[in-house]
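Asks: Before we start, here is the structure in question, set down as structure tokens.
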Amino acid sequence: MLIILIFIVIMGCILYKINIFREPYTGKSSQKMMIIGFIACFIILLSMKPSFTSDYLEEENDIYNKYLVDAILEGKTSINIEPSEELKNLENPYDPTQREEMEYSFDTAYYDGKYYVYFGIVPAIILFVPFKLITGTYLSTIEGTFLFVILSVIASTILIIQIYKRWFKKVPFNLLFLFIIAGCFSGLYIWNTWRMWVYELVLMAGYFFVQLGLICILKATKDKENVNLKYVFLSCLSMALAVGCRPTLVLASIILIPFLYQILKQAYGNKSLKKTFISIIVPYIIVAIPLMIYNYARFGNIFEFGAKYQLTIVDVTNLSERYKDIPKGLYQYLIQPPHLKEEFPYMSIDYSTEGNTDNYYNGGIVCGILFLNLTIIGCIFWYKYYKKVKDPILKGMMITLPIVGIVMCVLTVYMGGTVQRYAVDFFWMFSILAMIIWFLMYENAEKERTKKVIIITVLLLIGISILINFFGTFLNSEYNYLEKFYPEVFQLFEF
């Protein structure tokens, strides 16, 4: 606690006393070095993690980095693991109670007597397969995941800066810097680097491509009179690739609608309309057609990615009543307070919450995203500042971000239950929306004293959020790796 309080005081002094923080961000080298230095330190912090030992497989390589890669190179859709006759003869192989004390490939998709990998294929195509072809060895899932973590940290930072430069150039650098810090805690990076297996891989890959898609669309529309269609193409391609990582991320493309509407509106009636339309549609076709063919070859349905047939902790073929769990899941993901306990580290992961149905899965929640980034509380002022916005694209973003975020949260609850890492899919949408509102709040403040109060408030909210992240995720995480592998380091923090 004392360390965090000292951090808040030091940060407050730095942000108020150093001139480069008090003036707007202009991209000068000193300001850039401050950002680069912080991001580098944050990535180093993420890399200081205990060793990971797979709980699922005895061998070093797993169903994704080895078996899926081998299947792709062999031109097959199923993986080279033969299901047992006992599994094939089960009345309902998707019922975990029927698979008790039976050997089978956990968390694969089982269909028509064969095993398949249902996790998104895009990271395998663009990273793992090329690595195998070039080196002759398998890239570990840990290394692949951490690469996407690093790329995501960088991309989310660039996205925050792009939004600032587009609409909020008068806001001082100190407020921007605070939200860059908040952005690092809005990607659940700490949580997703403790156990970097295929779950975390596809989550972070999908997150990266969505961030990249938004960066590209912002760059494409930087000049309102001359839209850059190359960036439009790259934006739509990135959003399409995100679907190949996490199918539910197809909803993230809705956030592009305000941008694409203005682009098409501007192109309507002139010779660039056809080129513009092609730049938007073709990227999705390039990704969608191979994915549909791949799905049909595996499951006989172009829209089935395999989640329906997974062999996991719950029976995913029986989700008809899961809608009853949506209110509980929304509460857990969004606003559930930290799960406290009396002994150090004073917070724990909540595994105890039960749903209204027997098929509800609670894989562990430290707290809702509100407490992991307390600046999200700014969203309660949404309507007040939405009315003040004149720019149609910014206005559109303020509509699409919360709608897509809530729908994504509902889908996550319905299809996967509540697991802290899954919040990656929608956490950032509320964080970006909150940042926009705080920026608007600052710009609309008439008195300098009010502006100072806003900065101090954001600083305190982020400081408390760091405290919650530190105790809730760094000292707990999903399997208590720090305490398990480095007890002496864990004890250093104990008081």
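Bear in mind these aren't lab numbers, they're just calculated from the coordinates by the rules spelled out. Given the structure is predicted, the values throughout are model-derived calculations rather than measurements. All Cβ positions, glycine included, derive from the backbone under ideal geometry; neighbour counts span all protein chains shown.
Asks: I'd like to know which of 276, 115, 36 lies farthest towards the positive end of the charge dipole of the chain, counting +1 on Cβ of Lys and Arg and -1 on Cβ of Asp and Glu.
Replies: Of 276, 115, 36, it is 276.
Asks: If each residue of separation counts as 0.36 nm, what is the full-extension length gain between residue 133 and residue 250 once their alpha-carbon separation is subtracted? Don't skip to the end; give the middle numbers.
Replies: Numbers: separation 117, 0.36 × 117 = 42.12 nm, distance 2.99 nm.
Extra length available between residue 133 and residue 250 comes to 39.1 nm.
Asks: Grab the DSSP H runs of the chain that are 4 residues or longer, score each as -39,500 (n - 2.57), total them, divide by all residues and round the 222 nm result to the nearest 500 deg cm²/dmol.
Replies: Working: 21 runs with 271 residues, N = 495.
Mean residue ellipticity, 222 nm, calculated: -17500 deg cm²/dmol.
Asks: Oh, and also: For segment 269-367, what size does the Cα cloud have along each of its three principal axes, sorted from largest down, in whole Å?
Replies: 67, 36, 25
Asks: Rounded to whole Hz and in sequence order, give me ³J(HN,Hα) for segment 213-218 from the Karplus expression 6.51 cos²θ - 1.76 cosθ + 1.60, θ = phi - 60°, writing x for Gly and Pro.
Replies: Rounded to whole hertz, the list is x, 6, 4, 5, 5, 5.
Asks: Further question: What is the local net charge at residue 362, summed over the other residues whose Cβ is closer than 11 Å to its Cβ (Lys, Arg +1; Asp, Glu -1)?
Replies: Working: positive: 328; negative: 325, 350, 354.
Its environment carries a net charge of -2.
Asks: So how much slack lies between residue 154 and residue 101, counting 0.36 nm per residue of separation and subtracting their Cα-Cα distance, in nm? Kindly include the intermediate steps, with their values, before the conclusion.
Replies: Values: separation 53, 0.36 × 53 = 19.08 nm, distance 4.45 nm.
Net length gain for the segment: 14.6 nm.
Asks: With an 8 Å Cα cut-off and a minimum separation of 6 or more residues, compute the relative contact order for the chain in percent.
Replies: Details: 693 pairs, mean separation 90.6, N = 495.
So the answer I get is 18 percent.
Asks: Same structure again: Would any residue of segment 296-340 have its amide N under 12 Å from a label point 7 Å out along Cα→Cβ of residue 356? List them or say none.
Replies: Those under the cut-off are 321-330.
Asks: For segment 58-164, which GluC sites (Glu not before Pro) are in a loop by DSSP, counting at most 13 other Cβ atoms within 10 Å?
Replies: Loop-located and lightly packed - 58, 59, 60, 74, 91, 100, 101, 103.
Asks: Hey, another quick one. So if I place +1 on the C-beta of Lys and Arg and -1 on the C-beta of Asp and Glu, and nothing else carries charge, what would the dipole magnitude of the chain be about its Cα centre? I want it in debye, nearest 20. Could you put the intermediate results ahead of the total?
Replies: Values: 42 positive and 40 negative charges, 803 e Å.
For the chain, the charge dipole is close to 3860 debye.
Asks: Along the charge dipole of the chain, which of 347, 386, 177 sits closest to the positive end, that is, farthest toward it, with unit charges on the beta carbon of Lys, Arg, Asp and Glu (+1, +1, -1, -1)?
Replies: Of the options given, the answer is 386.
Asks: Using the structure shown, select from 28/230; 222/387; 32/447; 384/452; 28/169; 32/452 the pairs with a Cα to Cα distance greater than 25 angstrom.
Replies: Working: 28/230 27 Å; 222/387 23 Å; 32/447 29 Å; 384/452 20 Å; 28/169 14 Å; 32/452 23 Å.
Long pairs (Cα-Cα over 25 Å): 28/230; 32/447.
Asks: Can you tell me how segment 256-297 classifies by the Cα gyration tensor, rounded, prolate or oblate, using a/c under 1.5 as the rounded cut? Mind dumping the intermediate values first?
Replies: Details: a/c = 5.46, a/b = 2.51, b/c = 2.17.
Note, shape of segment 256-297 comes out prolate.
Asks: Can you give me the C-alpha center-to-center distance between segment 107-185 and segment 346-399, rounded to a whole angstrom?
Replies: With segment 107-185 and segment 346-399 each reduced to a Cα centre, they are spaced 21 Å.
Asks: Per residue of segment 337-352, what does 6.51 cos²θ - 1.76 cosθ + 1.60 with θ = phi - 60° give for ³J(HN,Hα)? Whole Hz please, x for Gly and Pro, Karplus curve as stated.
Replies: x, x, 7, 8, 8, 6, 8, 4, x, 6, 10, 9, 7, 7, 9, 8
Asks: Using modelled amide H (1.01 Å from N, peptide plane; none on Pro or chain starts), what sits under 5 Å from the amide H of residue 364, excluding residues fewer than 5 places away?
Replies: 420
Asks: Next up: Fully extended, how many nm does the chain gain between residue 326 and residue 453 (0.36 nm per residue separation, minus their Cα-Cα distance)?
Replies: Numbers: separation 127, 0.36 × 127 = 45.72 nm, distance 3.71 nm.
Gain on extension, residue 326 to residue 453, equals 42.0 nm.
Asks: Taking only the Cα atoms of the chain, how large is their convex hull per residue, in Å³?
Replies: Values: hull volume 83.2 nm³, N = 495.
Cα convex hull per residue, to the nearest whole number: 168 Å³.
Asks: Pop the C-beta distance of residue 22 and residue 395 into the FRET formula with R0 = 25 Å and round what comes out to the nearest 0.05.
Replies: Values: r = 29 Å, r/R0 = 1.18.
Result of the calculation: an efficiency of 0.25.
Asks: Enumerate the calculated ³J(HN,Hα) couplings along segment 377-391 in order (Karplus 6.51 cos²θ - 1.76 cosθ + 1.60, θ = phi - 60°), each rounded to whole Hz, writing x wherever the residue is Gly or Pro.
Replies: Result, ordered by residue: 4, x, 5, 5, 9, 3, 5, 4, 8, 4, 5, 8, 7, 9, 5 Hz.
Asks: Which lysines, on any chain, are close to residue 308 with Cα under 25 Å apart, when same-chain ones fewer than 8 places away are left out?
Replies: 66, 76, 88, 114, 324, 328
Asks: What nm value, rounded to one decimal, do you get for the distance between residue 284 and residue 272 when each label is placed 7 Å out toward the C-beta?
Replies: Distance between label points: 2.1 nm.
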